[in-house]
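What follows draws every value from the coordinates through simple rules; no lab data is involved. Just so it is clear, the structure is predicted and the values come from calculations on it, not from any experiment. Neighbour counts run over all protein chains shown; Cβ positions are idealised from the backbone, glycine included.
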Amino acid sequence: MSPLWLHLRARHLTGVTLALPLVVVLTQEVAQRLVVEPGGAAARLPVTAVAPLVVTVLLSLTLAGADVELDRSQPRLTWRLRAGHTLAALAVAGSALAVTTLEEPQVYGAGAMVRNAVGLFGLILLSTGLWSPRANWVPAFAYTVAVSAVAPDSSSGAVWWAWLIQPGRLDPSWIAAVALLTAGLIVYVRRGPSRNG
Amino acid sequence: MTVGAGPAVRSRTGASTRRVLGLELRRSPAIGVVLVMSVSGVWSLRAATFGDAGWAGGGGTLSQISAFMGPLIATAAAWSAGREGRRQAQELLAATPRPPAQRLLMTWGATAVATLTGFLVLAATLAAAIAPAVSDNTGNWPVTWILTLLGLITCSALGFTAGRLYPHRLTPPLIGVGLFFWIGNATLGGWIAHLAPVGQLESTDATRLTSGFILPLLVWPIAITGTALVLVMARQPRWAAIGALIATVAALNLSDYSEGTDRVWYEPDPKAVAQTCTTDEPQVCVLAGHAGYLPAVTPVARESLRRAQRYLPITRAAEENPLAEGAPGRPDTLPLYLSHQSVPFSSRLRDVGEIRSSAGGLVSPTCPGFEVHDAGPLPPIAIAAAAAIISGTAHGDTAAEMAGVEIDDPVAVAALHRRVTATPRTQDDWMHRYLTAARHCDMPALTRLAQG
């Protein structure tokens, strides 16, 4: 078996690859049901918050093998592998999510889906590198719950701290999400998964 | 054993229980749950549009916020429950002399204590926000508040059971997301809406749960919680079948109240919808549940009455019963709408202008089969102008909405502006011609009035 295949198999590639289309189909189904509700496309807010969370939580399984210490004992530097794998996973997941909500993409549609996948995955990468690969989904989950509870918040600062619940148009919410991804990528690619269980 | 040993043993057991519970509280996500519940819950109260100043409406708000807290609690409980499995410590713990139920009860208990604490913080904040304007304490609103707490406890039990049965690291987030969609489906009025543990009680002021609905609604979460806990804690999990049976009976009862059936799960609260009126003339009446608003509403309503009386034979102003919306009101009454007027931590009114614009609803043509949107481009301008004039031009936009008209076209806006800035004498003359045309739904006349 090639080292690349071993790397991917240890990171639940098969399970995640099977689960991802299922989540995408479910997302499309729910989004189409919501779009006929009185709010129209705006009623898709719960989907654009929760679907990226589910997908990035699935991707979180791929960020570390069963034994982090064993991973770290590899003789070769693996940062390129981590960077490539992370970006490829995000690209696939982001595109798959975006196609579920192409109708009115600026109103809680494809734009918000991609931004939220980017931001939440950034949070997951950060917690994988700094805290725990096993519980790396916790900050993203807690953030989603906390921010969804206060939605809709129209205060001026909300576009920064509540980027998850903003419509998909280009505004500072994108800066917040991309900043999180950048920070997460730097930490995860440089340090690898944390040693904490 | 001596006679005095009993209390001593109980005291030691109590101290041991407290120590283990304290340990669980520190080691589990309980403190995080309390923090997220308190901070985001209280913050969401700030952003929430309060229905009205009443305990029943407060119960609805609490239920709405709990729709987000339930999944969080279930996730935390699942994480705690899966700890033994994730750490592969089952065999080690099985070798200890204490029964597993004792240990598991403490683990779940920590989440339940966190849930209770978070709920109390939320409920206390909400109560403090509503209390200054509350004028009616009747009704069965405490049931709604208790049901919300029970629902949250049920979420913790469901999460705990899922985490115990499937101790995978993804079980906690997936149970949280699954619960979120279940609750979301219920709030959209989905299949057997009332089976969702939280978020399904759209309680509003001046309403109460029907008495036949309360018992199954209380039994359902208790039975589900019991079933879930017995399933993973009892030495004989088959006892869970009894809980499942009770839950099934409750669910069948609740399904009678789901969307599409003729049974209603809430009804007007007779005491809250009774009217409280001023003793002096012209009379202003509000619902008993809003009696606290009466001093603030009276001068505003009388001012609107004076303006409306120039054109219409009305003698009093009264708040509409929100549950009788659409029913024909008394012809001599200016309807008042006081929904969403509550200001948190205050007895003030949120938007006095909205009350002033209530008169807008009186000028819309009400002929059988007449629809404003089908009347062509010009009659709506006349209707909007009449609504603006009768309510005072500053409140014209809201008044036009009350009359069922939205004007976006710039030409139409200019025509409207011309009409509402005319001299009072011209306005009076125009209004009398408008009311005659509106009474007969005379579209050509309304078109001419819009142009004139």
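Relative to the longest principal Cα axis of chain B, at what angle does helix B:240-255 sit, 0 to 90 degrees, rounded to 10?
Once rounded, the angle reads 10 degrees.
Rounded to the nearest 20 debye, what is the charge dipole size of the protein assembly as shown about its Cα centre when +1 sits on each Lys and Arg Cβ and -1 on each Asp and Glu Cβ? Each step should come with its number before you reach the end.
Values: 48 positive and 40 negative charges, 690 e Å.
The dipole of the protein assembly as shown has a size of about 3320 debye.
Calculate for chain B the 222 nm mean residue ellipticity that helices alone would give, adding -39,500 (n - 2.57) per DSSP H run of length 4 or more and normalising by residue count, nearest 500 deg cm²/dmol. Don't skip to the answer; put the middle values down first.
On the way: 18 runs with 270 residues, N = 452.
After summing the helix terms and dividing by the residues of chain B, the value is -19500 deg cm²/dmol.
Tilt of helix B:410-420 relative to the longest C-alpha principal axis of chain B, in degrees (0 to 90, nearest 10)?
Its long axis makes an angle of about 60 degrees.
Work out how much length B:VAL264 to B:ARG425 would gain on full extension: take 0.36 nm times their residue separation and subtract the Cα-Cα distance, in nm to one decimal. If you can, show how the numbers build up before the last one.
Details: separation 161, 0.36 × 161 = 57.96 nm, distance 5.11 nm.
Taking B:VAL264 through B:ARG425 to full extension adds about 52.8 nm, to one decimal.
Within chain B, what's the longest stretch lacking GluC sites (Glu not before Pro) that sit in DSSP loops with no more than 15 other Cβ atoms inside 10 Å?
Values: sites that count: B:GLU259, B:GLU325, B:GLU371, B:GLU406.
The segment B:1-258 is the longest one with no such site.
Tally Lys and Arg at +1 and Asp and Glu at -1 over the other residues with C-beta under 15 Å from the C-beta of A:LEU18: what net charge comes out?
Details: positive: A:ARG9, A:ARG11; negative: none.
Spelling it out: positives minus negatives among the neighbours equals +2.
No solvent, one uniform scatterer per C-alpha: report log10 I(q)/I(0) for the stretch B:232-293 via the Debye equation at q = 0.11, 0.16, 0.18, 0.27 1/Å, two decimals.
The calculated log intensity ratios at q = 0.11, 0.16, 0.18, 0.27 Å⁻¹ are -0.57, -0.73, -0.78, -1.05.
Over chain A, what per residue volume does the convex hull of the Cα atoms give, in whole Å³?
Output value, Cα hull per residue: 103 Å³.
Cα convex hull of chain B: mean projected area in nm², to one decimal?
Working: hull surface 112.8 nm².
Dividing the Cα hull surface by four gives the mean projection, 28.2 nm².
Could you state the angle between the C-alpha long axis of helix B:379-391 and the longest principal axis of the C-alpha atoms of chain B, as a value from 0 to 90 degrees rounded to the nearest 10?
With rounding to tens, the tilt is 80 degrees.
Please list, ordered by chain and number, the residues whose modelled amide H lies under 5 Å from the amide H of B:SER203; skip anything fewer than 5 residues away on the same chain.
For B:SER203, whose amide H was placed from the backbone, the distant partners under 5 Å are B:GLY60.
Nearest 0.05, what FRET efficiency do B:VAL343 and B:ALA95 give at R0 = 41 Å with Cβ-Cβ as r? Before the final figure, lay out the partial values.
Working: r = 60 Å, r/R0 = 1.47.
According to the calculation, E is roughly 0.10.
Once the other residues with Cβ under 14 Å from the Cβ of B:PRO100 are scored (Lys, Arg +1; Asp, Glu -1), what is the net sum? Could you put the intermediate results ahead of the total?
On the way: positive: B:ARG83, B:ARG98, B:ARG103, B:ARG164, B:ARG235; negative: B:GLU84, B:GLU91.
Counting the neighbours of B:PRO100, the net charge comes to +3.
Semi-axes of the protein assembly as shown's equivalent ellipsoid from the Cα gyration tensor, sqrt of 5 times each eigenvalue, largest first, rounded to whole Å? Walk me through the numbers before you get to the answer.
Numbers: eigenvalues 577, 221, 79 Å².
Rounded to whole Å, the semi-axes are 54, 33, 20.
Taking K and R as +1 and D and E as -1, what net charge do the other residues with C-beta under 14 Å from the C-beta of B:ARG27 add up to? Kindly include the intermediate steps, with their values, before the conclusion.
Details: positive: B:ARG19, B:ARG26, B:ARG83, B:ARG86, B:ARG87, B:ARG103; negative: B:GLU24, B:GLU84.
With Lys, Arg at +1 and Asp, Glu at -1, the neighbours total +4.
Please list the helices of chain A that count as membrane-span-like by this rule: a mean Kyte-Doolittle hydropathy of at least 0.5 together with Cα atoms stretching 24 Å or more along the helix axis, each helix being a complete DSSP H run. Before the final figure, lay out the partial values.
On the way: long enough: A:13-35 (33 Å, 1.41); A:79-98 (28 Å, 0.83); A:110-130 (30 Å, 1.47); A:172-191 (28 Å, 1.27).
Membrane-span-like by this rule: A:13-35, A:79-98, A:110-130, A:172-191.
In chain B, what % of DSSP beta bridges are antiparallel (nearest 5)?
Numbers: 7 of 13 bridges.
The answer is about 55 percent antiparallel.
As a test, work out the antiparallel percent of DSSP beta bridges whose residues both lie in the protein assembly as shown, rounded to the nearest 5.
Numbers: 7 of 13 bridges.
Beta bridges within the protein assembly as shown, antiparallel portion: roughly 55 percent.
So what is the relative contact order for the stretch B:10-268, in percent, with contacts set as C-alpha pairs under 8 Å and at least six apart? Kindly include the intermediate steps, with their values, before the conclusion.
On the way: 407 pairs, mean separation 69.7, N = 259.
It rounds to 27 percent for the stretch B:10-268.
To the nearest Å, what is the center-to-center distance of the stretch B:131-169 and the stretch B:226-249, using C-alpha atoms only?
Centre-to-centre (Cα) distance: 20 Å.
What percent do you get for the relative contact order of chain A when only Cα pairs under 8 Å and 6+ apart count? Provide the component values of the computation, followed by the final result.
Working: 286 pairs, mean separation 50.7, N = 197.
Here the relative contact order equals 26 percent.
If you build a Gaussian network model of chain A, linking Cα atoms that sit under 10 Å apart, which residue out of A:VAL55, A:VAL99, A:VAL114 swings the most?
For chain A, modelled as a Gaussian network with Cα springs under 10 Å, the answer is A:VAL99.
Given axes a ≥ b ≥ c from the Cα gyration tensor, I'd like to know whether the stretch B:10-268 is rounded (a/c under 1.5), prolate (a/b larger than b/c) or oblate. Numbers along the way, then the final one.
Details: a/c = 2.01, a/b = 1.52, b/c = 1.33.
Prolate is the answer for the stretch B:10-268, as a/c is 1.5 or above and a/b outweighs b/c.
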